[in-house]
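A quick write-up on the structure given underneath.
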Amino acid sequence: MITTATAQALPSSLHGQHVVVFGGTSGIGLAAAIQATAAGASVIVIGSNAERARQAAEDHGLAGWRAADVTQRESIDAALSDIAHVDTPGVVGRYVCGGSRHGR
């Protein structure tokens, strides 16, 4: 299991950045979210399962979570609706995609 305590910190270049991780509730996406948090970023994870997304955020001290089906544009738009655009300086500086949809 990946934990905040076992994650090695990235360079502090993410200090003050806002990061959104798609597929951030388990595996590589969660590891990226934990590492970004350890490097000083404010991280929101997005996953297909709301309870798992909430739990990941709570367990690892993340800034927030959203549930979205990444195969549906409307679902993504709704999940990102209250998050400023990437091109807004100092707001959301990074998007990371760490998830996959098997069987599609």
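The values are calculated or read from the model by the stated rules, or taken from the named source; none is laboratory data. All figures in this text were calculated on a predicted structure; none of them were measured in a lab.
Here are the numbers:
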read-out	value
Count of region 10-32 residues which are modelled with pLDDT of 85 or more and part of a loop (DSSP other than H, G, I, E, B)	4
Residues satisfying the stated conditions in region 37-71, i.e. β-branched (Val, Ile, Thr) and part of a loop (DSSP other than H, G, I, E, B)	70, 71
